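Read the structure below first, then the notes.
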Amino acid sequence: LSSGKLDFKEAATALSLRRGIIEAQELASLKSDRQRYWCAVEISSMLQDEQSQRGSINPEDRRLLQELGRLRKKFPLTKIASVPPLKNSGDNLDLQVDVPFYTWQNRRGSSTRKLMQSSRFQTKKEPQLHYMVSEITRITRSHPDYLKRPLQILDIGGGKGHLANALASYLNSDEVFVSVVDIDENTIENGRRRSIASGLEVSYWIGDASTLNDLRNVDDVEDLSFKNADIVVALHACGVLTDVALGHATC
């Protein structure tokens, strides 16, 4: 809307704006990226009716699913039980989903914490990170410019640094450079501290990931080459953030 690429009437209809074209024009006139972000969140929430929040489907949707049942039989889903480990010289990271401990080590050889199996990180976060790092590593090493230059990885909404730091720890600096964009300054600071504590080179930016405009780097770095990212990632992206990540990945 703000860039004039969408007609006000079309937007008002598609987004079910209560005040129609007038509200669409007001949204387009917003100057702050933060205001735009929260308006998008509010609209997204409004579009989720009681039925969608319950997770149920209406009779028409059910009929459509039944009609398309033949496609499900023709293209069945395949369950992946685990991810084969990837080996990387100099690292102690065994990339398997069902590992007993969080034991990867950063490239400077600093000792890492061993988290007990009963911890929330061990049971929930760690398997997700191992899977993501494994898949992103495969994509990275299949890129046509791999090892010709460090590939730019953009982490959308990953201010805590869990995924970014894991990638920077496993992949060498001649393979990738990881940048994080998050709108929350406190979250960004937490991720940055984790990077520094582990001796990792990760660039953290505060700002609206949907536009990548008016970003502020916490270390006063001015290199914006990550805007032309080779690989876009997002851990636990939901709602509007999913569209933001997909948008950057396809542009």
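Each row is one residue, and each column tells you yes or no for (1) assigned to a loop (DSSP other than H, G, I, E, B); (2) at pLDDT 75 or above; (3) under 30 Å from L167 (Cα atoms).
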residue: T13; (1), (2), (3): no, yes, no
residue: S16; (1), (2), (3): yes, yes, no
residue: E26; (1), (2), (3): no, yes, no
residue: Q35; (1), (2), (3): no, yes, no
residue: M46; (1), (2), (3): no, yes, no
residue: S56; (1), (2), (3): yes, no, no
residue: R62; (1), (2), (3): no, yes, no
residue: K87; (1), (2), (3): yes, no, yes
residue: F101; (1), (2), (3): yes, no, yes
inquiry  = Residue under question is N186, and the condition is that it be closer than 21 Å to Q128 by Cα and not aliphatic (A, V, I, L, M); does it hold?
reply    = no
query = What number of residues within the range 221-251 satisfy the criterion of being over 21 Å from R34 (Cβ atoms) and at pLDDT below 80?
reply = 6
message = Condition first: open to solvent by less than 70 Å² (accessible area, probe 1.4 Å) and under 29 Å from V181 (Cβ atoms). Now tell me which residues in the range 9-28 satisfy that.
response = A11, L15, L17, E23, A24, L27, A28
request  = For residues that are of a type in the set (A, V, I, L, M, F, W, C) and part of a helix (DSSP H, G or I), scanning just the range 125-160, find the one that is nearest to T187 (Cα to Cα).
outcome  = L129
query = Taking interchain pairs and intrachain pairs at least six residues apart, which have beta carbon atoms under 9 angstrom, with the first residue in the range 1-20 and closer than 16 Å to A40 by Cα and without any contact (Cβ under 8 Å) to a residue 40 or more places away in the chain and the second of a type in the set (F, W, Y) and open to solvent by 90 Å² or more (accessible area, probe 1.4 Å)?
reply = none
inquiry  = Criterion first (closer than 16 Å to V233 by Cα, surrounded by fewer than 16 Cβ atoms within 10 Å (Cβ to Cβ) and modelled with pLDDT under 90) does Q117 satisfy it?
reply    = no
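The values are calculated or read from the model by the stated rules, or taken from the named source; none is laboratory data. Small disclaimer: the values here were computed from a predicted structure and weren't measured. For neighbour counting, all protein chains shown are included, and Cβ atoms are generated from backbone atoms with ideal geometry for every residue, glycine included. What goes into the accessible areas is simple: the full protein's heavy atoms, side chains included, and nothing from ligands, DNA or RNA. Shrake-Rupley method; radii C 1.70, N 1.55, O 1.52, S 1.80 Å.
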